[in-house]
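The structure under discussion appears below in the form of structure tokens.
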Amino acid sequence: MGEKLKNNKLKAEFELVKHLMPDVINSKLEIVKFKPEAIINSLLLETDATHAEAVLITLEVIRKIISSNLSTLTAPLIRELVNATMLTKGFELYRYQYTRLGIPFYDFGKKLNSENVSSDDIYNHLKREYVEVQKLIDKIKKQGTQKGK
């Protein structure tokens, strides 16, 4: 009964702030309404975060978005905000589990304009990056240094 009450309270809080949130350009390049539960669900799917931790992180991200007065959000920007929030809350493990692999926009533009780059080069870059992040995740799990606040 208590969990259902918490979920109803959370849904009510999310409804209160939805009108303050900018639209989101999602990974399919569609403009959609902001859905806080999408952050919670992705954290539960992609990290070892508990539901309570995912809610805590999501609420803090919502506060940051509202205070930033952004006109539009993108999926990568939301992920950056979630990662920054996890760092400030001491969730280093979750932050690495949730990291986005890739190449900075500027660097990718330079690669596109270079005649010496192939899709294999980009794939190999991402693969190396994945291996390095996985090493960090394994190290944190082994050391048990996840703090969480």
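Here are some notes:
- Counting only helices (runs of 4 or more DSSP H) that sit completely within the range 74-149, those holding 2 or more residues that are without any contact (Cβ under 8 Å) to a residue 40 or more places away in the chain and more than 22 Å from Lys28 (Cβ to Cβ) correspond to 75-88, 105-112, 119-143.
- Looking only at residues in the range 97-114 that are of a type in the set (Ser, Thr, Tyr) and farther than 27 Å from Ile66 by Cβ, the one that is modelled with the lowest pLDDT is Ser114.
- Of the criteria (1) surrounded by 15 or more Cβ atoms within 10 Å (Cβ to Cβ); (2) out of contact with any strand residue (DSSP E or B) (no Cβ under 9 Å at 6 or more places or on another chain), which one Leu81 fails: (2)
- Tally of residues being exposed (fewer than 12 other Cβ atoms within 10 Å of the Cβ) and at pLDDT 70 or above across the range 1-10: 2
- Residues considered: Thr74, Thr47. Of these, the only one that is of a type outside the set (Phe, Trp, Tyr), crowded, with 17+ Cβ neighbours inside 10 Å and within 12 Å of the chain's Cα centre (by Cα) is Thr47.
- Flag for Lys18 being in contact with a strand residue (DSSP E or B) (Cβ under 9 Å, 6 or more places away or on another chain) and of a type outside the set (Phe, Trp, Tyr): no
- Tally of residues being assigned to a loop (DSSP other than H, G, I, E, B) and either touching a residue at least 40 places away in the same chain (Cβ under 8 Å) or touching a Lys or Arg at 6+ places or on another chain (Cβ under 8 Å) (or both) across the range 28-73: 7
The values are calculated or read from the model by the stated rules, or taken from the named source; none is laboratory data. It should be emphasised that the depicted structure is a prediction, and the values quoted were computed from it without experimental measurement. Glycine also receives a Cβ, built like all others from the backbone with ideal geometry; neighbour counts cover every protein chain displayed.
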